[in-house]
Amino acid sequence: MKIVKITLFSLLAVALVFTLAMAGDVAKGKALFNDPTLGGATAGKSCGSCHPNGKGLEKVADKAEFKLAGKSQKSMEEAINVCIENANKGKALDTKSDQMKDLVAYLKSLKPKAEDPKKK
């Protein structure tokens, strides 16, 4: 029984480490979001130039499809790259890169907080 508990605990620990390794870093994502050189951008604009403090992006974590530049993107990563390429005049990021994971983590962190019912 002790071996089963140790094995189970070890598997849970490995799963947690793996999950954290796969998730992006919100603070790094915020820095990238405000970096006017992201993707080698030449327009002198960052994502934050059009969306200061993430304004207007609070619900992107819930979206399954994005409509930008007259086209439909099937993922947040594709939508981010459309903005980097078109608005910021940069090069698309690898959708599996750490930078992209960090940007996605930041955008997901913008999700509106549930309103406190006591404040109504």
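Listed here are the residues, each with its yes/no results for (1) under 19 Å from ASP25 (Cα atoms); (2) of a type in the set (Gly, Ala, Ser); (3) not in a helix (DSSP H, G or I).
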position	(1), (2), (3)
ASP35	yes, no, yes
LYS45	no, no, yes
GLY48	yes, yes, no
SER72	no, yes, yes
CYS83	no, no, no
GLY90	no, yes, yes
LYS96	yes, no, yes
LEU107	yes, no, no
LYS111	yes, no, yes
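The numbered conditions (1) at pLDDT 95 or above; (2) exposed (fewer than 15 other Cβ atoms within 10 Å of the Cβ); (3) in contact with a Lys or Arg (Cβ under 9 Å, 6 or more places away or on another chain) are all true for ALA27 except (3). Condition first: closer than 18 Å to VAL26 by Cα and more than 14 Å from the chain's Cα centre (by Cα). Now tell me which residues in segment 55-70 satisfy that. If the condition is that a residue be closer than 18 Å to VAL26 by Cα and more than 14 Å from the chain's Cα centre (by Cα), then LYS55, GLY56 are the ones that fit.
The residues in segment 25-65 that are without any contact (Cβ under 8 Å) to a residue 12 or more places away in the chain and in contact with a Pro (Cβ under 8 Å, 6 or more places away or on another chain) can be counted, and the count is 1. Cβ-Cβ contacts under 6 Å between residues 6 or more apart (or on different chains), taken from a first residue in segment 101-113 that is over 12 Å from VAL60 (Cβ atoms) to a second residue that is part of a loop (DSSP other than H, G, I, E, B) and of a type in the set (Asp, Glu), are listed as ASP102/ASP25. Only a single item in (1) touching a Leu at 6+ places or on another chain (Cβ under 8 Å); (2) surrounded by fewer than 17 Cβ atoms within 10 Å (Cβ to Cβ); (3) more than 25 Å from PRO112 (Cα to Cα) is not met by ASN88, and it is number (2). Listed by first and then second residue, the pairs with beta-carbon distance under 6 Å, at least 6 apart or on different chains, first residue in segment 81-95 and free of Cβ contacts under 8 Å to residues at least 40 places away in the same chain, second exposed (fewer than 14 other Cβ atoms within 10 Å of the Cβ), are VAL82/ALA69; ASN86/ALA69.
The residues of segment 63-80 that are more than 19 Å from GLN99 (Cβ to Cβ) and among the polar types (S, T, N, Q) amount to a single one, SER72.
The values are calculated or read from the model by the stated rules, or taken from the named source; none is laboratory data. Keep in mind the model is a prediction, meaning the values are calculated, not measured. Backbone-built Cβ (ideal geometry, glycine too); neighbour counts: all protein chains shown.
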